[in-house]
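The structure appears right after this line, and notes come after that.
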Amino acid sequence: GKYGDSYGFNGNDSIVEIQDDETFDFNKEITAYVKANPRKGGNGSGDRSLNLFSKRWGGGGFHDIKFELGYDANNRITWTLGLDDDIKLGRLTSSSSLNPNSGWHSIAGTYSSETDRLRIYIDSELSAEKTVEADNITSIDDENVYIGGGDVFSDTYYFDGKMYGVRLYNRSLT
């Protein structure tokens, strides 16, 4: 449901699905940004994340990801990006955890093929970065963007909490 300027997600089955548009087809740079206030964290096991938002195709494999920003089982932010047309996957995890019920946090994942750097920012501070050499971001042009969960073709871990200010940019912001 909607709460003021934010949207609430129940952690079970609530998502927002945005129909594909060519403005969501990134090639060389991307920034994914959201303000999030989680009620519940990761499930404590496995490597699947609670999705803040993502774009992937329905094949179901790990290399089917265009981008995915979320929380891992230990409440660390994860930023995953498909690179070089599914040949490789860039995955980065923040160095610190965000505890559930700790209030609002600004979360951003960035990538630039010019610098070959994946980065995670939490509350405007660089939390993690690594070099991932790639020529381009994987082209998944006909898939929808999902907020609060993954896509309808995969086992999804839904976000439990509130979000607002979800933004995608075709440049790497710092």
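Here are some notes:
- Members of region 129-153 that are hydrophobic (A, V, I, L, M, F, W, C), closer than 30 Å to Asp13 by Cβ and modelled with pLDDT of 75 or more: Val145, Ile147
- Filtered by the rule that a residue be surrounded by 14 or more Cβ atoms within 10 Å (Cβ to Cβ), modelled with pLDDT of 80 or more and on the phi < 0 side of the Ramachandran plot, region 154-169 gives Tyr158, Phe159, Asp160, Lys162, Met163, Tyr164, Val166, Leu168, Tyr169.
- Tally, over region 84-111, of residues that are more than 19 Å from Asp72 (Cα to Cα) and modelled with pLDDT of 85 or more: 1
- The numbered conditions (1) open to solvent by 30 Å² or more (accessible area, probe 1.4 Å); (2) modelled with pLDDT under 80; (3) out of contact with any Phe, Trp or Tyr (no Cβ under 7 Å at 6 or more places or on another chain) are all true for Ile65 except (1).
The values are calculated or read from the model by the stated rules, or taken from the named source; none is laboratory data. These numbers come from a predicted model, not from an experiment. Every residue, glycine among them, receives a Cβ derived from its backbone with ideal geometry; neighbour counts consider all protein chains shown. Ligands, DNA and RNA are stripped out before the accessible areas are found, and what is left, the full protein with its side chains, is counted by its heavy atoms. Shrake-Rupley method; radii C 1.70, N 1.55, O 1.52, S 1.80 Å.
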